[in-house]
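Undergrad: My questions will all concern the structure given below.
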Amino acid sequence: MTTFKSTNELRELQAISRVLHHSFIDYPTEDTITFFIENDIAQSWPTFTHSIQNKEGKQLLTEYISQWDDTKLIELKLDYGQLFFGPGEPKAMPWGSVYLGEQGIINDDSTIQLMNFYQKIQVSFNVKDNQPVDHIALFYAVIDQLIEQMLDGDNKNANEAKDALFVILQHHLLPWSNRCLTLAESNACTNFYKGLALLAQDFETQLSQILNIVPIQTRLFR
């Protein structure tokens with residue numbers, strides 16, 4: 001397993017995981033876009049390995065933010081809904097069990113396995129509206145937590161957090177998340193979610209390369 005180059009690299013990855021969590025967990029608000037504007041998120045997003053996904057994602061996000069006005073909020077909310085929430089079946093369902101389970105339902109066997117692993121490593125978070133723990137945005141929240149432990153813990157705790165991150169990515173997130181994000185990018189009606197989907201894919205690729213992860217190969221049912 002390879003190591004992170006610097007504390008700054010870890011901080012960058014943690015910041016991105018936090019942005020992705022807040023962007024995908026719930027409907028956007030005016031505060032969502034204000035945060036992107038005030039913190040210059042699109043322009044300051046790390047380039048990493050200068051991938052096409054990174055370049056296109058940053059460009060789409062920059063264009064959207066530069067043309068923002070409050071009248072676009074309803075359109076943005078509708079886009080979030082049709083991708084991740086409903087009404088009807090979301091175009092890019094954000095729950096892992098929908099892709100990993102033959103029945104295509106939430107809270108299936110893979111969700112239970114993830115819950116058991118979280119209990120084992122003592123990861124916890126507040127889940128809104130009984131959201132299944134395998135929601136892609138909640139994975140990003142856990143990545144945020146584990147990177148914090150890697151930064152602030154002693155060598156033993158940091159290594160345990162790193163090992164946990166490896167398992168989460170290899171077994172529980174990466175086997176299906178690229179499919180979810182591909183669906184989000186291809187079905188998004190706004191450049192905001194198109195750009196974020198591409199940048200999320202690039203982020204996961206970066207984590208995979210740093211940790212030398214080969215995702216578990218499994219059949220996807222969506």
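Undergrad: Looking only at region 152-169, count how many residues are crowded, with 21+ Cβ neighbours inside 10 Å and not in a helix (DSSP H, G or I).
TA: 0
Undergrad: Has region 65-79 got any residue that is within 16 Å of LEU199 (Cβ to Cβ) and more than 18 Å from the chain's Cα centre (by Cα)?
TA: yes
Undergrad: Please give the number of the condition THR111 fails out of (1) within 16 Å of PHE192 (Cβ to Cβ); (2) out of contact with any Leu (no Cβ under 6 Å at 6 or more places or on another chain); (3) crowded, with 21+ Cβ neighbours inside 10 Å.
TA: (1)
Undergrad: Considering region 76-102 alone, what residues qualify as being in contact (Cβ under 8 Å) with a residue 24 or more places away in the chain and loosely packed, with under 12 Cβ neighbours inside 10 Å?
TA: Start the filter on region 76-102 by keeping residues that are in contact (Cβ under 8 Å) with a residue 24 or more places away in the chain, which leaves 76-85, 91-102.
If the condition is that a residue be in contact (Cβ under 8 Å) with a residue 24 or more places away in the chain and loosely packed, with under 12 Cβ neighbours inside 10 Å, then GLU102 is the only one that fits.
Undergrad: Okay, moving on. From (1) open to solvent by 40 Å² or more (accessible area, probe 1.4 Å); (2) within 21 Å of ALA141 (Cα to Cα); (3) free of Cβ contacts under 8 Å to residues at least 24 places away in the same chain, pick out the condition that doesn't hold for VAL19.
TA: (1)
Undergrad: Also, I was wondering about something else. Identify the residue in region 70-113 that is in contact with a Phe, Trp or Tyr (Cβ under 7 Å, 6 or more places away or on another chain) and outside any helix (DSSP H, G or I) and, among all such residues, is farthest from LEU173 (Cα to Cα).
TA: Only one residue fits best here, namely PRO90.
Undergrad: Residues being over 27 Å from ILE74 (Cα atoms) and surrounded by fewer than 22 Cβ atoms within 10 Å (Cβ to Cβ): count how many of those fall in region 179-203.
TA: Summing the residues that are over 27 Å from ILE74 (Cα atoms) and surrounded by fewer than 22 Cβ atoms within 10 Å (Cβ to Cβ) in region 179-203 gives 0.
Undergrad: Quick one: how many residues across region 30-61 are under 14 Å from GLU12 (Cα atoms), open to solvent by less than 60 Å² (accessible area, probe 1.4 Å) and assigned to a helix (DSSP H, G or I)?
TA: Final tally of qualifying residues: 2.
Undergrad: Got a number for residues in region 122-151 being part of a helix (DSSP H, G or I) and either open to solvent by less than 50 Å² (accessible area, probe 1.4 Å) or free of Cβ contacts under 8 Å to residues at least 24 places away in the same chain (or both)?
TA: 17
The values are calculated or read from the model by the stated rules, or taken from the named source; none is laboratory data. Note that this is a predicted model, so its numbers are computed, not measured. Counting neighbours? That spans all protein chains shown, and the Cβs are built from the backbone with ideal geometry, glycine included. Calculation scope for accessible area: heavy atoms of the full protein, side chains included, ligands and nucleic acids excluded. Shrake-Rupley method; radii C 1.70, N 1.55, O 1.52, S 1.80 Å.
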